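Undergrad: Before we start, here is the structure in question, set down as structure tokens.
The numbers here are math on the coordinates, done by the rules we state, and not lab data. Bear in mind the structure is a predicted one, so any value in this text is a computation, not a measurement. So basically every Cβ, Gly included, is an ideal-geometry build from the backbone, and we count neighbours across all protein chains shown.
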Amino acid sequence: MALSPFISLLALSFAGISLGQSTTETVWASFAYVLYGERTPVLGESPVTLTPLGAQQLYSQGSLFRARYLSNSSLSDEDNRITTNSAIVGLEKDVIDNNQISIYSTPDDFVTGSTLAFMQGLYPPVAGSSDASTLANGTTIEYPLNGYQYPNIQTLSGLDPNSIWLAGHSGCSEYWSSGNAFTGEAYARQLYNASLAFYQTTWAEVFPDALSASTVNFNHAYDLYEYAQFAYAHNQTARAALNDARLARLRTLADDQQFALNGDLSASGRESGDRIRAVAGRTLAGRVVAQLSTHIASAGTSDKLTLAFGSFEPFLAFFSLAGLAESDDNGSAVLFRQVPQPGAAMVFELLSTNNDTSPYPSSSDLRVRFLYRNGTDPDAPLEEYPLFGSSSGSRLPWSSFRERMGAFAIKDIAGWCRACGAITLFCIALDSSSSGSPPSGTLFGGDGGGSPSPAVAGVIGALTALAVVGAGAASAFVLGGVRVRRCGAGHRRSSSLGGFKGAEKMASDRDVSVVRGGARHARVGSWELGGPGPVPVGGESGLPPKQDAAFFGASVHEKADGDDDVDSIIGRAPVKPLESI
């Protein structure tokens with residue numbers, strides 16, 4: 001999709017914002033958790049990657065955040081619904097100051113790509129800025145792309161202890177065990193039986209021979225919905241055969257599955273009542289309080305804006321923990337039981353109810369409000385919602401917000417390790433160094449810290465370094481063709497790393513195509529986790545036989561009218577992505 005439609009519709013997005021904001025409010029800081037944009041589906045042969053549409057979605061969302069936090073103007077629509085800005089005090093408006101903003105992303109390619117697209121919308125290129133350089137001969141040098149700006153994005157892999165705050169579910173053994181047990185629960189069996197005929201009929205009529213029959217059932221509800229949604233958006237033949245009603249039911253089934261896997265607070269792991277399926281929301285809550293606490297402790301000089309980018313599991317988990325998904329009178333609970341649309345954002349704003357920007361207010365004068373925007377469509381508003389079933393409004397005193405969040409938040413890394421029974425390197429290091437005691441710093445400390453002690457950090461760093469070196473060596477052996485052998489008189493050292501093509505290998509060839517992104521969400525009963533459920537697709541290799549690329553009505557070399565892909569990627573063999581490191 002071209003850029004111009006998004007820009008032309010952006011004003012309409014602003015018009016839908018319903019904030020009920022008082023003119024005497026001052027926003028001091030904000031924490032936003034943002035979902036990645038549209039990606040190619042997991043059930044496809046191509047690498048899971050951000051699509052152009054997905055990038056535009058995140059660019060649009062970033063532009064909306066710019067209008068809210070970095071603009072001094074107000075917009076209105078023809079219905080006179082005013083959208084006022086809520087500029088963050090002291091935040092640089094045009095040229096990014098990486099000392100003011102904290103940006104975190106999971107390592108998936110489609111998430112980091114989404115992060116960059118969002119930042120392009122938040123801080124677009126600026127030509128002629130003060131960052132331009134003047135050489136000794138008088139020549140002025142601008143940054144490339146007409147002043148493109150470079151955000152400092154911290155990509156947190158599974159080896160980094162801080163990765164738990166963005167994706168607390170990813171490396172959590174107890175979470176995955178509880179999810180795999182879901183297929184045996186009465187609720188899951190009921191939905192499986194009630195939907196099986198629908199799935200089989202839909203795939204037989206719309207996507208014949210596209211997937212193995214063993215995967216076309218409720219156990220893979222989210223992956224199947226993502227597969228169908230992508231086809232619906234990108235292929236006219238599939239769109240006509242699928243129709244709105246079928247797609248809506250596929251989405252409902254995916255919502256039911258994923259909310260049960262991430263929002264069921266009755267499920268327990270190692271300890272009764274630990275709400276293990278909502279662990280991603282518990283860790284995210286810890287990070288929100290930590291970042292806002294750090295901002296308050298600095299008297300407003302640091303962490304003015306925190307942006308976190310990841311998957312949808314923390315959304316559903318937090319919605320459930322904060323009481324947003326409970327039954328209510330206005331029907332918003334239905335919204336919070338659904339998988340968010342691509343580019344969705346939930347926001348926590350720290351504000352005071354006056355217009356004074358100096359001095360920084362006392363903590364007793366600070367309030368927190370929660371906002372949610374489900375997707376990036378022009379008619380998707382950014383709206384306030386009350387947390388914890390509050391009937392007194394959506395703006396909680398800071399002390400109350402911190403206390404309510406603390407009731408379920410995971411406050412330190414050691415707490416996550418214990419709850420998850422995780423066997424990550426940093427959990428092993430913490431266990432051996434602290435003998436079961438939590439680290440000295442916690443996320444709810446006055447300084448908003450939470451990092452392990454220097455001694456523990458040293459152990460973690462050493463083990464992590466060994467792991468990285470070992471992984472590199474293993475990759476060289478497995479992927480690069482490196483071999484250790486005794487060199488005798490009959491052996492001659494090779495001048496090449498080789499590979500399966502040996503001397504015929506071209507520079508553009510790859511021995512193995514490794515997909516680093518593509519977290520699989522519908523993991524229950526799945527072959528890739530070795531749990532109960534369908535047998536491996538396509539036999540012992542775990543891969544189905546190659547499918548006909550023309551099942552959408554387009555041959556390999558021809559495309560149907562209106563199709564935007566020369567070769568449809570929907571019907572090809574599924575990859576086996578890595579859920580975590």
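Undergrad: Return the long-range amide H neighbours of ARG39 (sequence gap of 5 or more, or a different chain), with a cut-off of under 5 Å between placed amide H atoms.
TA: When sequence neighbours closer than 5 places are left aside, the close amide H contacts are THR51.
Undergrad: Moving on to the next point. Loop only by DSSP, 13 or fewer other Cβ within 10 Å of the Cβ. Give me the chymotrypsin sites (Phe, Trp or Tyr not before Pro) in the stretch 214-260 that pass, ordered by residue number.
TA: Filter output for the stretch 214-260: empty list.
Undergrad: All other residues with a Cβ under 12 Å from the Cβ of SER266 taken together, and with Lys, Arg as +1 and Asp, Glu as -1, what is their net charge?
TA: Surrounding charge for SER266 is -1.
Undergrad: Sticking with this one: Against the globular-protein guess of 2.2 N^0.38 Å, express the Cα radius of gyration of the stretch 148-242 as a ratio, rounded to two decimals.
TA: Output field value: 1.50.
Undergrad: Rg to Rh for the stretch 311-427: what is it, with Cα atoms only and Rh by Kirkwood?
TA: 1.02
Undergrad: While we're looking at this one, here's another question. Quick check for me: using +1 on Lys/Arg Cβ and -1 on Asp/Glu Cβ, what's the dipole size of the stretch 210-286 about its Cα centre, in debye to the nearest 20?
TA: Using Cβ point charges on Lys, Arg, Asp and Glu, the stretch 210-286 gives about 60 debye.
Undergrad: Taking 0.36 nm per residue of separation and subtracting the Cα-Cα distance, what length does fully extending ALA194 through LYS93 add?
TA: Once the chain is fully extended between ALA194 and LYS93, it gains 31.0 nm.
Undergrad: Return the distance in nm (one decimal) between the two label points of a simple spin-label model at ILE141 and PHE388, each offset 7 Å from Cα along Cα→Cβ.
TA: About 5.4 nm, to one decimal.
Undergrad: Once you put a point 7 Å from the Cα of TYR187 and another 7 Å from the Cα of GLU205, both along the Cβ direction, what distance in nm separates them?
TA: 3.0 nm
Undergrad: Also, I was wondering about something else. Please compute the volume of the convex hull spanned by the alpha-carbon atoms of the stretch 268-332 and report it per residue in Å³.
TA: 130 Å³
Undergrad: Follow-up question, since we're still on this one. Calculate the translational D of the stretch 233-353 in whole µm² s⁻¹ from Stokes-Einstein, where the hydrodynamic radius comes from the Kirkwood formula applied to all Cα pairs, the temperature is 25 °C and the viscosity 0.890 mPa s.
TA: 147 µm²/s
Undergrad: If amide hydrogens are placed 1.01 Å from N in the peptide plane, which non-local residues have theirs closer than 5 Å to the one on THR306?
TA: Long-range HN contacts for THR306: SER30, PHE31, ALA32, SER102.
Undergrad: Taking a cut-off of 20 Å, what percent of all Cα-Cα pairs in the stretch 316-375 are separated by more than that?
TA: 42 percent
Undergrad: Hey, another quick one. With +1 on each Lys and Arg Cβ and -1 on each Asp and Glu Cβ, and nothing else charged, work out how big the dipole of the stretch 256-342 is about its Cα centre, in Debye to the nearest 20.
TA: My answer is approximately 320 debye.
Undergrad: Let me ask something additional. Of SER364, ASN374, TRP416, which is farthest along the charge dipole of the stretch 323-421 in the positive direction, counting Lys and Arg as +1 and Asp and Glu as -1 at C-beta?
TA: TRP416
Undergrad: Okay, moving on. All other residues with a Cβ under 11 Å from the Cβ of TYR104 taken together, and with Lys, Arg as +1 and Asp, Glu as -1, what is their net charge?
TA: That sum, taken over residues with Cβ under 11 Å, equals 0.
Undergrad: A further question follows. With no solvent and one point per C-alpha, what does the Debye sum give as log10 I(q)/I(0) for the stretch 164-219 at q = 0.19 Å⁻¹?
TA: Log10 I(q)/I(0), no solvent term: -0.77.
Undergrad: Suppose a student asked you for the relative contact order of the stretch 171-320, using Cα pairs under 8 Å spaced at least 6 residues apart; what percent would you report?
TA: 22 percent
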